[in-house]
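Inspection log for the structure reproduced underneath, given as structure tokens.
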Amino acid sequence: MAITRMSFTVQDGPIIRLRVALPRAIILARQQAGFVTAAPVEVDALIDTGAEATCVDNPIITQLGLPATTGTLANVPSLGGITGSVMYSAGLTLLQHTNKRTQHLDISAIPVLGLNLSTFGVKAVLGRDVLAYCVLIYDGLTGTFTLSY
């Protein structure tokens, strides 16, 4: 079991490094066909237990060429409420600060919501869809959080 314990500030919230990539099956198919695929992108992700789905900043989705799966309405109060958006298929890896590959949480394919997150200072929001694979302990008194999986 991998365990990450990190500090946070009330202003920034709990942040973890996240690698965003094409889904593994698409990478393998493109490699077998001789196509070059975009390199994964590592970003800061805000852990948000109020977010049903994981969200990724639209410029990163474009950079990686993530495939769209469906259009949807999303209730994002910090962006003004109900907004139209697109769901994309992505591969995600939660990165341990020890950088031991065996301790990363690798999700080969998961739907993510594309949003413009640049105003929040993060490139991704880690929602309950990914947190369902984890145990999260948020300790406001000490300003630390622990994430294990």
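The values are calculated or read from the model by the stated rules, or taken from the named source; none is laboratory data. Note that the coordinates shown come from a computational prediction; the quantities given were computed from them, not determined experimentally. Neighbour counts are summed over all protein chains in view; Cβ atoms, including those assigned to glycine, are modelled from backbone coordinates with ideal geometry. We work out accessible area using only protein heavy atoms, side chains counted, and drop any ligands, DNA or RNA first. Shrake-Rupley method; radii C 1.70, N 1.55, O 1.52, S 1.80 Å.
Summary table below
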item	result
Candidates 89, 148, 78, 118 - the one that is among the small types (Gly, Ala, Ser) and farther than 22 Å from residue 10 by Cα	89
Output for the range 69-89, where each listed residue is in contact with a strand residue (DSSP E or B) (Cβ under 7 Å, 6 or more places away or on another chain) and not hydrophobic (A, V, I, L, M, F, W, C)	69, 70, 71, 72, 75, 81, 83, 84, 85, 88, 89
Hey, residue 36 open to solvent by less than 50 Å² (accessible area, probe 1.4 Å) and of a type in the set (A, V, I, L, M) or not	no
Filtered residues of the range 5-30 (kept if touching a residue at least 12 places away in the same chain (Cβ under 8 Å), open to solvent by less than 60 Å² (accessible area, probe 1.4 Å) and assigned to a helix (DSSP H, G or I))	26, 27
